[in-house]
Amino acid sequence: MPRRAQEPVDQAPSPAENRWSRTVAERSTRAHGRRTLVKVLDAAEAEFAAHGWHGARMARMAKRAGTAHGTVYAYFADKDDLLFAMWQDVGVELNSILQAMPPLRADPEGFADLRRWVGQVCGCFRRNAAVSHAVGEALSDEETLRGGKAALREQGRVLAVWEQRIRDTASTGLDPTMGALAIYAIIEGANESVYRDELLVTEEELVAGVSEFIQRSVFGSTSVPAPAGTPSSVR
């Protein structure tokens, strides 16, 4: 088991500490220890961004953080434990937004609500892309990892909410379970492709494309409202 760092208590949490608040609270109670832990977490995120799950190395994380290799193991048992801790913080934000999908409606106001939500989702994926990508890689061939299992549990809760949103429309032949899975795959896949520079679009284009996919999938090909000011003859 990793040890809890023990240093003098002082100072309020920094913005970086707040980003990793759950991990910091669980794994260090002292001010200097909190600062060191945050440096390790930030370094781990940079390492995952540069090398992915499989290529990331704890030794390089320690070097990036400006601390001894053994210090990383004072907080985390191994790379799996580290990713699990990071996902606990990232997952709180991401899954809160994902579960907040608004009611699906075919009218312009409903589509505007959907588009605002998709914007929030894509923004969250962008902020946490390195960790989300590492979790996805870990899941691809190592489903027993703690971070991957935690992500799968949370995904199940998200899909249950989305299935009910589709079911509540009572206006589509789309199977709610398959529809929710397809929407998740598009959101995750599109954001992953943007992260890997495989899909070269602006964030506005990404949000518009994902929103239209969801709307058309649920309500049909003609359900996306035309932009304001579009002449009726071309709608």
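The values are calculated or read from the model by the stated rules, or taken from the named source; none is laboratory data. Since we're looking at a predicted model, the values are computed, not measured. Here the Cβ positions follow ideal geometry from the backbone for every residue, glycine too, while neighbour counts run over all protein chains shown.
How do the pairs read when you match residues in region 148-163 that are assigned by TED's automatic domain parsing to the domain that holds PRO102 and closer than 22 Å to MET86 by Cα with residues anywhere that are assigned to a helix (DSSP H, G or I) and among the β-branched types (Val, Ile, Thr), using Cβ under 6 Å and keeping only pairs 6 or more apart or on different chains?
If the second residue must be assigned to a helix (DSSP H, G or I) and among the β-branched types (Val, Ile, Thr), the pairs left are ALA151/VAL135.
Does MET101 count as buried (at least 18 other Cβ atoms within 10 Å of the Cβ), of a type outside the set (Phe, Trp, Tyr), modelled with pLDDT of 95 or more and within 30 Å of GLU163 (Cα to Cα)?
Yes, satisfied.
Determine if region 160-175 includes at least one residue that is aromatic (Phe, Trp, Tyr), surrounded by 16 or more Cβ atoms within 10 Å (Cβ to Cβ) and closer than 30 Å to ALA44 by Cα.
No, that holds for no residue.
Out of all the residues in region 200-235, which are among the hydrophobic types (A, V, I, L, M, F, W, C), surrounded by 12 or more Cβ atoms within 10 Å (Cβ to Cβ) and either touching a strand residue (DSSP E or B) at 6+ places or on another chain (Cβ under 8 Å) or at pLDDT below 85 (or both)?
Of everything in region 200-235, just one residue is among the hydrophobic types (A, V, I, L, M, F, W, C), surrounded by 12 or more Cβ atoms within 10 Å (Cβ to Cβ) and either touching a strand residue (DSSP E or B) at 6+ places or on another chain (Cβ under 8 Å) or at pLDDT below 85 (or both), namely VAL224.
I'd like the full set of residues that are buried (at least 21 other Cβ atoms within 10 Å of the Cβ) and outside any helix (DSSP H, G or I), limited to region 27-73.
Of everything in region 27-73, those that are buried (at least 21 other Cβ atoms within 10 Å of the Cβ) and outside any helix (DSSP H, G or I) turn out to be SER28, ALA56.
Among residues belonging to region 104-125 that are buried (at least 17 other Cβ atoms within 10 Å of the Cβ) and not in a helix (DSSP H, G or I), point out the one that is nearest to the chain's Cα centre (by Cα).
The qualifying residue nearest to the chain's Cα centre (by Cα) is LEU104.
Quick check, is ALA100 assigned to a loop (DSSP other than H, G, I, E, B) and free of Cβ contacts under 8 Å to residues at least 60 places away in the same chain?
yes
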